[in-house]
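Asker: One structure coming up, written as structure tokens, with questions to follow.
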Amino acid sequence: MARIELPEETRKRVEAIGTTEFVLGIAGPVHPQDLRAKAIEWISSLATTPLKTVIVYMGVDERAQTRPPAGVIEFVPYPPSQGDPSTGPWMEIANAQRSALALASLLQAKVCAVVHSDLAALLDPASRFLVAPVFDGKFDLVSPIYPESKYEGLINKGLLAPLSRALFGRRVRFPLPFDFCASARLLPKLVDPNPPRSQPGAQLLWPSNIVAMEGGQIGQAHIRASHTTQSDGLELSAVLGQLVGSLFQEIEACAAQWQRVRGSQPAEIFGAPPPEGETTETPADVKPLDTHPLFDSFLLGSRNLEEVWRLVLPPVSLFELKRLTRLTPEQFRMPDELWARIVYDFALAYRLRRIGRTHLLGALTPLYLGWVASYAQDVGSTSAAEADQRLDRLARIFESNKPYFLSRWRWPDRTN
């Protein structure tokens, strides 16, 4: 298992605790007093009898202020990671998630829930649906379905989720979650996945993809909590590069496994989505997205990045992109099949390293904005449910084009 460095006092406390039923891990810094007030009430709502629980959090030891009734709940701090802050907030969260999971594994917890450090999940009664199926022993992982409007989370909706579904074979809406719950059997795999990643400590955590490769049972739960990632100062190309680059690394590391996956399996869903208009806007409330700047970025990319695109994309895709540049913004529609194959071709180019990876992912950005422009025009007057159906069609296109990716992965020089 991947080791985490623990202060001597923390290590002694872990050894003194021995084992526990449940670990609640906080993925990031939090004030112990705020944590105590919210966590104890939330934990008491999970079971009719008290659970032997350890709460692990990033911070300093303040047991004198945070100790609840003895023998029921323990608080154990873990140190901040020493990662590069320039890698962005997602890496900090992933490192904190791994620290919490590693402590849960050391404590031989039966179940471990990991939540965002804003603690929004602890104020959401629906978050119990993340935990209950794992305690029942029927699921190894339960991942959240967050409430979002049709224009929120489009990197996930248009790329991360459909690509993960097609390759790893599970229909998980949020493969890169802030909150999730895992079983004891999968804890070591989440901390130290096999096969090992090429860049240890520099990877985001993709729980559902890892559990899928281990043959585990995955569920999803509708929750009302939502989170804001502090990405101020980061350009879209940097955000896209960090998120998509991490998934491309995951694809490269797990190539032997995902090549054997055929089709996809649904993940059972617990809880109910919030009524439209309660936490997401109704169609009348959502202002149409101005697609002209997106279209202009796509056109600019087609002029400035043509040489890079020629290194990545086959002639038929280049021809189709050239055709799209001749359309007006109102006419512009990027076919789902073209978008799926573009993503697959960039994943292959990432593996082959024919150009620098940062430059490569930067060249994907205007293509992504072209897809966003097309999607926004498709769903402009639709409900959230209709937008979800639109995204499901996209995911099915990613699945149906997986043989194309397999062929290109195995024989990369056959087309270019």
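Asker: It is to be established whether one or more residues within the stretch 45-58 are surrounded by fewer than 21 Cβ atoms within 10 Å (Cβ to Cβ), among the aliphatic types (A, V, I, L, M) and at pLDDT below 90. Steps first, please.
Answerer: Taking the stretch 45-58 and keeping what is surrounded by fewer than 21 Cβ atoms within 10 Å (Cβ to Cβ), we get 45-52.
Going one step further and asking which of them are among the aliphatic types (A, V, I, L, M), we end up with 46-47, 51.
Subsequent filtering for residues that are at pLDDT below 90 retains 47, 51.
Scanning the stretch 45-58 turns up at least one residue that is surrounded by fewer than 21 Cβ atoms within 10 Å (Cβ to Cβ), among the aliphatic types (A, V, I, L, M) and at pLDDT below 90.
Asker: Are any residues in the stretch 124-182 in contact with a Leu (Cβ under 8 Å, 6 or more places away or on another chain), in a loop (DSSP other than H, G, I, E, B) and either assigned by TED's automatic domain parsing to the domain that holds residue 378 or among the hydrophobic types (A, V, I, L, M, F, W, C) (or both), and if so, which ones?
Answerer: Of everything in the stretch 124-182, just one residue is in contact with a Leu (Cβ under 8 Å, 6 or more places away or on another chain), in a loop (DSSP other than H, G, I, E, B) and either assigned by TED's automatic domain parsing to the domain that holds residue 378 or among the hydrophobic types (A, V, I, L, M, F, W, C) (or both), namely 176.
Asker: How many residues does the stretch 107-121 contain that are surrounded by 23 or more Cβ atoms within 10 Å (Cβ to Cβ) and part of a helix (DSSP H, G or I)?
Answerer: Summing the residues that are surrounded by 23 or more Cβ atoms within 10 Å (Cβ to Cβ) and part of a helix (DSSP H, G or I) in the stretch 107-121 gives 1.
Asker: Quick check: is even one residue across the stretch 370-381 acidic (Asp, Glu) and closer than 20 Å to residue 296 by Cα? Before you say what the answer is, go through the steps one by one.
Answerer: Kept after step one, since they are acidic (Asp, Glu), are these residues of the stretch 370-381: 378.
Then drop every residue that is not closer than 20 Å to residue 296 by Cα, which leaves 378.
Among the residues of the stretch 370-381, at least one is acidic (Asp, Glu) and closer than 20 Å to residue 296 by Cα, which makes the answer yes.
Asker: Can I ask one more? So if I check each of 343, 308, which one is crowded, with 21+ Cβ neighbours inside 10 Å, under 23 Å from residue 239 (Cβ atoms), at pLDDT 95 or above and not assigned by TED's automatic domain parsing to the domain that holds residue 165?
Answerer: Values: 308 fails: crowded, with 21+ Cβ neighbours inside 10 Å.
From the options 343, 308, the qualifying one is 343.
Asker: Something else: Just to be sure before I move on: is residue 132 among the hydrophobic types (A, V, I, L, M, F, W, C) and surrounded by fewer than 22 Cβ atoms within 10 Å (Cβ to Cβ) in the structure I sent?
Answerer: yes
Asker: Here is a follow-up. Looking at this structure, is residue 124 free of Cβ contacts under 8 Å to residues at least 12 places away in the same chain and surrounded by fewer than 20 Cβ atoms within 10 Å (Cβ to Cβ)?
Answerer: no
Asker: Where residues in the stretch 313-334 are in contact (Cβ under 8 Å) with a residue 24 or more places away in the chain and outside any helix (DSSP H, G or I), which of them is surrounded by the most Cβ atoms within 10 Å (Cβ to Cβ)?
Answerer: My answer is 313.
Asker: Right, next: How about the stretch 351-416: which helices (runs of 4 or more DSSP H) wholly inside it have at least 2 residues that are among the basic types (Lys, Arg), touching a Gly at 6+ places or on another chain (Cβ under 8 Å) and more than 19 Å from residue 321 (Cβ to Cβ)? It would help to see each step written out before you state the result.
Answerer: Details: elements: 357-379, 384-400, 402-410.
Helices (runs of 4 or more DSSP H) meeting the threshold: none at all.
Rundown of residues vs (1) within 29 Å of residue 194 (Cβ to Cβ); (2) surrounded by fewer than 16 Cβ atoms within 10 Å (Cβ to Cβ), yes/no style:
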{"position": "234", "(1), (2)": "no, no"}
{"position": "259", "(1), (2)": "yes, yes"}
{"position": "265", "(1), (2)": "yes, yes"}
{"position": "270", "(1), (2)": "yes, no"}
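Asker: Of all residues in the stretch 8-40, which are farther than 19 Å from residue 110 by Cα, in contact (Cβ under 8 Å) with a residue 12 or more places away in the chain and either part of a helix (DSSP H, G or I) or not small (Gly, Ala, Ser) (or both)?
Answerer: 9, 10, 29, 30, 31, 32, 33, 34, 35, 36, 38
Asker: So, one more: Confirm whether residue 94 is of a type in the set (Gly, Ala, Ser), within 25 Å of residue 46 (Cα to Cα) and either in contact with a strand residue (DSSP E or B) (Cβ under 9 Å, 6 or more places away or on another chain) or outside any loop (DSSP other than H, G, I, E, B) (or both). It would help to see each step written out before you state the result.
Answerer: Values: of a type in the set (Gly, Ala, Ser): yes; within 25 Å of residue 46 (Cα to Cα): no; either in contact with a strand residue (DSSP E or B) (Cβ under 9 Å, 6 or more places away or on another chain) or outside any loop (DSSP other than H, G, I, E, B) (or both): yes.
No.
Asker: What number of residues within the stretch 138-157 satisfy the criterion of being small (Gly, Ala, Ser) and either in contact (Cβ under 8 Å) with a residue 24 or more places away in the chain or touching a strand residue (DSSP E or B) at 6+ places or on another chain (Cβ under 7 Å) (or both)?
Answerer: Of all residues in the stretch 138-157, those small (Gly, Ala, Ser) come to 143, 149, 153.
When the remaining residues are screened for being either in contact (Cβ under 8 Å) with a residue 24 or more places away in the chain or touching a strand residue (DSSP E or B) at 6+ places or on another chain (Cβ under 7 Å) (or both), the result is 143, 149.
Qualifying residue count, the stretch 138-157: 2.
Asker: I'd like to check which helices (runs of 4 or more DSSP H) are fully inside the stretch 200-262 and have at least 2 residues that are of a type in the set (A, V, I, L, M), within 20 Å of residue 173 (Cβ to Cβ) and touching a residue at least 40 places away in the same chain (Cβ under 8 Å).
Answerer: 207-213, 236-253
The values are calculated or read from the model by the stated rules, or taken from the named source; none is laboratory data. Everything numeric in this text was worked out from a predicted model, so none of it was measured. Counting neighbours? That spans all protein chains shown, and the Cβs are built from the backbone with ideal geometry, glycine included.
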